[in-house]
Amino acid sequence: MLDIKNLRENFNDIKKMLSRRGYNLDQDRFESLDEKRKILQISVENLQADRNKLSSEYGKLKSSGEDVDELKITIDKTNSELDEKDNELQILLKEIQNFLLDIPNIPDQSVPDGKDENDNVVIKKCGSITATNTLDHLEITKDIDTDMAAKIAGSRFSVLKGELPKLQRALISFMIDNAVKNGYEEYYVPFMANTDSLIGTGQLPKFEDDLFKTTENLYLIPTAEVPLTNIFRDEFVSEVELPIKVTSHTPCFRSEAGSYGKDTRGLIRQHQFEKIELVQITNPNDSMACLENLLSNACEILDLLELPYQVVELCSGDLGFSSTKTYDIEVWMPSQNKYREISSCSNFSDFQARRSNIKFKNKDGNHFVHTINGSGLAVGRCLIALIENNFNGSGGINIPKPLQPYLDTALLSVN
RNA sequence: GGAGAGUUGGCUGAGUGGUCGAAAGCGCCUCCCUGCUAAGGAGGUAACUGGGUAACUGGUUCGAGGGUUCGAAUCCCUCACUCUCCGCCA
């Protein structure tokens, strides 16, 4: 959510910056809403002040035994006028709130101009593509069983069998251990979240269709970003402790409502997948440096696993709703002969902090923190990348050195 | 699932119809004293928000939402959450 004061004062600048990401900020609507608000609010608050004064007068008269009938008539008149105006104001405020909740974050100045993913900029390529294999993960191993999953739950799920559940656990432990080594505190968190939490991180109200909702009015989390960030909702954090770094491994649940027919084969796009999330709560002064730090923490995993990848900076038109700057990390998928997203690292500036009310105090006053997060990494996609890049051509997956202690082997057999 | 107790500022905690945005303590900030340290003294310190160039000044908020009342932290109703006991359970 943007700062309404900032919006009043710098409307044209903000409108221009938002147009970079293809968002049209409706000036007439905002100005007419805000103008009406100002007039109504002044009259409501004046009436409230009147009522407060009259009521205390009433109390004094009453306690000294004087006649209050005449005053009562004035009070009743004031109150009924107040009721009417206040109702109007509440409706108007709700409209303004909805208007604000709908506005995406402002792209950082450093973000390159562009319309869609074709204008994203590759800023780094790491590792060398050595795989000669062109089989995809379902062809390499029958241990990823989508038929079995379909019987249990339907499409876009999978069952892992054989050595693969263990390989997945190894990846999870490896990633968490690495995050902890880099100063992140590990949390185990709820896999469901309430409405306030999801508004806080920006999934609601706009993207409800992407979420699974339970009958208890809870949502399955689409990412651990939601619980991890909401740990701090409505809290003052201590300035000296910034940046606060937290991590968690969770399953993630996404309805994938908008992607029918897309990536239907294999593990790429599932309703449920495992992910390690990295979150930093930072001082606004150094949030960009923290983003670089978090990005390097995520890249380190792929470096250690010796998987080839590239880092892409998203252009203004491809930025997510809440983000001011985003790097995607894309890992090489031999079967698709291209790089596929395995992590998205974003600086949300004060956008989420404002929605979730996360602040710190210092002698200049109270300030919203900046929030940064990214996957470190998406485990399912990492599993595929490992299988496809490290397939030895005859039922074996070569296990990179740092992962070997978790599996007690350098070569994992698959069926 | 049943019974009871609770939810107040950054934190602990008092407050049962107007003088309460709220005692006290802790924390924090400024200053003083002590040559350092420890301790002590004085003052300040809730959040959000409107109007105003400003000085300043108004409003809202005591878990959430309704209600009673001229007036609600305080009384009533509904809901959420926390704690205790019972039941059930991995």
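The values are calculated or read from the model by the stated rules, or taken from the named source; none is laboratory data. These numbers were taken from a predicted model, which means no experiment stands behind them. Note: ideal-geometry Cβ built from the backbone for every residue, glycine included; neighbour counts use all protein chains shown. Note: accessible area is taken over every heavy atom of the protein model, side chains too, but ligands, DNA and RNA are not part of it. Shrake-Rupley method; radii C 1.70, N 1.55, O 1.52, S 1.80 Å.
Please find, within region A:31-65, the residue that is farthest from RNA strand B (Cβ to nearest atom) out of those that are basic (Lys, Arg) and under 39 Å from the mean Cα position of the chain (by Cα).
The selected residue is A:Lys36.
Scanning region A:319-377 for residues that are of a type in the set (Gly, Ala, Ser) and more than 13 Å from the chain's Cα centre (by Cα) returns A:Ser335, A:Gly365, A:Gly376.
Quick one: in region A:1-25, which of the residues that are exposed (fewer than 14 other Cβ atoms within 10 Å of the Cβ) and not polar (S, T, N, Q) is nearest to RNA strand B (Cβ to nearest atom)? This residue is A:Lys5. Regarding A:Leu305, is this residue out of contact with any strand residue (DSSP E or B) (no Cβ under 8 Å at 6 or more places or on another chain) and surrounded by 24 or more Cβ atoms within 10 Å (Cβ to Cβ)? Yes: the conditions hold for A:Leu305. Here A:Lys325 fulfils each of the conditions (1) open to solvent by 20 Å² or more (accessible area, probe 1.4 Å); (2) within 21 Å of A:Asp286 (Cα to Cα); (3) of a type in the set (D, E, K, R) apart from (1). Where in region A:1-118 are the helices (runs of 4 or more DSSP H), entirely inside, with at least 3 residues that are farther than 30 Å from A:Asn347 by Cα? Hits in region A:1-118: A:27-63, A:69-101. Give the residue that is modelled with the lowest pLDDT, with candidates limited to residues of region A:238-274 that are β-branched (Val, Ile, Thr) and open to solvent by 20 Å² or more (accessible area, probe 1.4 Å). Residue satisfying both the conditions and the ranking: A:Thr264. If the condition is being more than 10 Å from RNA strand B (Cβ to nearest atom) and acidic (Asp, Glu), then region A:71-90 contributes A:Glu81, A:Glu84, A:Glu88. The residues listed here are A:Glu277, A:Glu292; of these, the one that is modelled with pLDDT of 90 or more, part of a strand (DSSP E or B) and among the charged types (D, E, K, R) is A:Glu277. Considering (1) within 16 Å of RNA strand B (Cβ to nearest atom); (2) touching a helix residue (DSSP H, G or I) at 6+ places or on another chain (Cβ under 9 Å), the lone condition that A:Gly365 does not fulfil carries the number (2). Entry remark, region A:333-349: residues being open to solvent by less than 30 Å² (accessible area, probe 1.4 Å) and within 17 Å of A:Val122 (Cα to Cα) number 5 in total.
Assigned by TED's automatic domain parsing to the domain that holds A:Val226, among the small types (Gly, Ala, Ser) and open to solvent by 40 Å² or more (accessible area, probe 1.4 Å): is that true of A:Gly200 in this structure?
Judged against the criteria, A:Gly200 is not a match.
For region A:158-174, the criterion of being among the hydrophobic types (A, V, I, L, M, F, W, C), in the same structural domain as A:Thr141 (by TED's automatic domain parsing), out of contact with any Lys or Arg (no Cβ under 6 Å at 6 or more places or on another chain) and closer than 30 Å to A:Phe368 by Cβ is met by no residue. Screening A:Glu256 on (1) over 18 Å from A:Cys290 (Cβ atoms); (2) in contact (Cβ under 8 Å) with a residue 40 or more places away in the chain; (3) assigned to a helix (DSSP H, G or I) shows it passes everything except condition (3). Given the structure, is A:Gly374 within 22 Å of A:Leu198 (Cα to Cα) and not in a helix (DSSP H, G or I)? So A:Gly374 passes the test.
Number of residues in region A:8-39 that are of a type in the set (A, V, I, L, M) and under 27 Å from A:Asp119 (Cβ atoms) equals 4. Of the residues making up region A:91-115, those that are open to solvent by 90 Å² or more (accessible area, probe 1.4 Å) and within 13 Å of RNA strand B (Cβ to nearest atom) are A:Ile91, A:Lys94.
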